[in-house]
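Shown next, in structure tokens, is the structure this report addresses.
The values are calculated or read from the model by the stated rules, or taken from the named source; none is laboratory data. Given the structure is predicted, the values throughout are model-derived calculations rather than measurements. We place every Cβ from the backbone using ideal geometry, glycine too, and count neighbours over all the protein chains shown. The protein model used for the area step is the full one, side chains on, heavy atoms only, and it has no ligands, DNA or RNA in it. Shrake-Rupley method; radii C 1.70, N 1.55, O 1.52, S 1.80 Å.
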Amino acid sequence: MRGSFVEYQLEHQAAMFLHQLLNYFDIETAVFDRAVCTLLIMTEVDNSWTVLNVDIENSGLLEMCILLGLIIFYPPYKPTRKAIFSLVAVVCVYAINLLRLFIVIFSIHWFGRDIASIAHSILGRLVFFILIVALYWEILTKPSLKIVRENIENDASITGKGT
């Protein structure tokens with residue numbers, strides 16, 4: 001999906017949403033007209049602009065595709081449940097990614113551009129990782145464990161052996 005309309009829209013919408021959200025928190029930002037996926041952040045500490053490019057790695061598209069693939073090929077789910085979980089997963093991954101970007105930008109704004117690497121590589125990714133694992137747990141792992149538990153209980157009741 002590299003260079004596709006979907007990628008462009010995710011990047012553009014993320015930049016525009018962050019621009020609006022950050023302005024609500026009185027964090028001055030600007031979006032380039034000619035590079036609509038580039039967000040400028042005014043940093044308080046340095047009193048200068050920092051550039052954030054919202055590209056495929058910041059759009060959540062890769063993570064969405066991975067989770068969608070897992071949901072679509074998850075055998076126990078019926079097509080209706082797959083469709084519902086796919087929609088929920090896309091929205092959640094997008095929101096989690098926006099939160100990650102917000103944390104990075106908020107950190108840069110308040111602590112200066114020297115914190116950018118730490119905010120992006122550690123803090124933002126840590127929050128993203130924890131929330132994505134929680135999402136995977138709810139959509140895939142928890143239902144799998146429930147199915148395994150039910151199968152074990154059914155096998156135990158058939159054979160007469162306790163669990």
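Side notes on the structure shown:
- Residues of segment 20-29 that are assigned to a helix (DSSP H, G or I) and open to solvent by 30 Å² or more (accessible area, probe 1.4 Å): Q20, L21, N23, Y24.
A quick yes/no check of all residues on (1) free of Cβ contacts under 8 Å to residues at least 24 places away in the same chain; (2) of a type outside the set (K, R); (3) open to solvent by 80 Å² or more (accessible area, probe 1.4 Å):
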residue	(1), (2), (3)
A119	yes, yes, no
I122	yes, yes, yes
F129	yes, yes, yes
L135	no, yes, no
E138	yes, yes, yes
K146	yes, no, yes
E153	yes, yes, yes
A156	yes, yes, no
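- Selection status of I108, within 16 Å of the chain's Cα centre (by Cα) and either open to solvent by 50 Å² or more (accessible area, probe 1.4 Å) or in contact (Cβ under 8 Å) with a residue 40 or more places away in the chain (or both): no
- Of the residues making up segment 140-162, not a single one is within 17 Å of N97 (Cα to Cα) and part of a helix (DSSP H, G or I).
- Test set (1) open to solvent by 40 Å² or more (accessible area, probe 1.4 Å); (2) at pLDDT 80 or above - V45 fails condition number: (2)
- Residue in segment 57-76 that is open to solvent by 80 Å² or more (accessible area, probe 1.4 Å), more than 20 Å from the chain's Cα centre (by Cα), of a type in the set (D, E) and over 21 Å from Q20 (Cβ atoms) present: no
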